[in-house]
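Below you'll find the structure, written out as structure tokens, and then a few comments.
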Amino acid sequence: MTVDALTDVIGVRVGHATLTGDGRLTGTTVVLAPEGGAVAAVDVRGGGPGTKETDALDPRNLVERVEAIVLTGGSAYGLDAASGVMAWLEERGRGVRVGPDPAHVVPVVPAACVFDLGRGGDFSARPDAGTGKAAVEAAAASALGAAVREGCVGAGTGAAVGQLKGGVGTASTVLDSGITVAALVVANAAGSGVDPETGVLYGELFQGRVRYPERRVHEAAGRRLAEIARTNGRPPLNTTLAVVATDADLSKAQAQKLAGTAHDGIARAVRPVHLLHDGDTIFALATGRRPLGTDSPLALNDILAAGADTVTRAIVRAIRAADSVTGPAGTWPSYGELYGEG
């Protein structure tokens, strides 16, 4: 049975650590690979990225597999969360073997951050190594194939999409070949997720027939968002992050192609996208449980298309799952508050 989440890729677990109250509105999300790691790659498109260990994922470089990916709030400060995950992995002997003793490992933990500094009121409130450790412990404690919490949790706690509240979303699909492709997204974009003419989420336009909001509802939402924009001040510094995972047997180069193509999924759901104030970054993980088959180019094409599709759907789910937030730093209404659940 699938749960329409990243965890439908067997062996992949997800854990959140959420920091709220006392001026905090941030957190960290960890994607934990099966023990032994997964082939990993990355593609960065935004003009203002905050990342760690992404160079290690270049197909030309040494590291083939990673044990975990960290998505975190706190801008560049929050990248310290990866240190807590690294320490947790080292304690368990998980990482790149660098010596004769099984304990001689260096866990390579790629990470990327979103900008949410000060959104809870305290600019100095951000994830640290302890937050990362809490998130990886939550991932390790979860059951295989467990549902993943969405909305204002983990790295999506302080996320915003334009003037709307953003958050974490996830989705999966099983191809005719039996290969699973899934995505987890932290939707925190400088652009908008809503068509200004109709109020429909851009991402839903790619999912078949949509239910359009009534004109009066859309006009009321527009007035509210215009007022919030005046109150909140300048546009936010943002970033959308994603992990796309599959159980297919991919090389690092193939995984990098998957990460790159998956950016199309952001472009379908957010406009404009990949701006100077975005750090849009997508990681790809491949656990290698299923071969591509005899016609591998066509099989890979199916995986690439599914990666983009699941990212789009995950962004829609992130926006729909988010709750409104009002605090000392501003107001970010949820799409559900403005338009109804639909």
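The values are calculated or read from the model by the stated rules, or taken from the named source; none is laboratory data. None of the values given here were measured: they were computed from a predicted structure. When we count neighbours, we look across all protein chains shown, and the Cβ atoms used for this are built from the backbone with ideal geometry, even at glycine. Note: areas computed on protein heavy atoms with side chains; ligands, DNA, RNA excluded. Shrake-Rupley method; radii C 1.70, N 1.55, O 1.52, S 1.80 Å.
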(message) Just to confirm my numbers, what's the Cα centroid distance between the stretch 85-106 and the stretch 267-293 in Å?
(response) 28 Å
(request) Subtract the Cα-Cα distance of D58 and T331 from 0.36 nm times their separation in residues, and report this length gain in nm to one decimal. (result) 94.3 nm
(message) Which residues does the label zone of A76 cover in the stretch 9-51, counting backbone N under 11 Å from a point 7 Å along Cα→Cβ?
(response) 49-51
(request) Give the carbon-plus-sulfur fraction of the accessible surface of the chain in %, rounded to a whole number; probe 1.4 Å, heavy atoms of protein chains only. (result) 50 percent
(request) Let me have the 222 nm mean residue ellipticity of the chain computed from DSSP H runs of 4+ only, each contributing -39500 (n - 2.57), with the sum over all residues rounded to the nearest 500. (result) -8500 deg cm²/dmol
(message) Treating only the Cβ of Lys, Arg, Asp and Glu as charged (+1, +1, -1, -1), what charge dipole size does the chain show about its Cα centre? Round to the nearest 20 debye.
(response) 540 debye
(message) Give me the one-decimal nm value for the distance between modelled label points at L144 and R216, 7 Å along each residue's Cα-to-Cβ direction.
(response) 5.4 nm
(request) With unit charges on the beta carbon (Lys/Arg positive, Asp/Glu negative), name the residue among A140, V109, A81 whose Cα is farthest towards the positive pole of the charge dipole of the chain. (result) A81
(message) So, R0 is 30 Å and r is the distance between the beta-carbons of V3 and D323; what FRET efficiency does that work out to, to 0.05?
(response) 0.90
(request) Excluding residues fewer than 8 places away in the same chain, name every one of the aspartates and glutamates whose C-alpha is closer than 13 Å to that of K165. (result) D116, E150, D323, E337
(request) Find how many whole Å separate the alpha carbon centroid of the stretch 142-157 from the alpha carbon centroid of the stretch 35-52. (result) 20 Å
(request) For the chain, report the accessible area per residue in Å² (1.4 Å probe, heavy atoms, rounded to an integer). (result) 40 Å²
(message) Along each principal axis of its Cα atoms, how long is the stretch 234-302 end to end? Whole angstroms, biggest number first, please.
(response) 53, 19, 16
(message) Using 0.36 nm times the number of residues separating D22 and A87, minus their current alpha carbon distance, what extension gain do you get?
(response) 20.7 nm
(request) Name the residues whose placed amide hydrogens come within less than 5 Å of the amide hydrogen of V42, ignoring near sequence neighbours (fewer than 5 apart) on the same chain. (result) A284
(request) Determine, from the Cβ-Cβ distance of N232 and V98 and an R0 of 51 Å, the FRET efficiency 1/(1 + (r/R0)^6), rounded to the nearest 0.05. (result) 0.60
(request) Report, to two decimal places, the Cα Rg of the stretch 13-116 normalised by 2.2 N^0.38 Å (N = number of residues). (result) 1.11
(request) Kindly give the semi-axes, whole Å and largest first, of the ellipsoid equivalent to the chain, taking each as the square root of 5 times a Cα gyration tensor eigenvalue. (result) 32, 24, 16
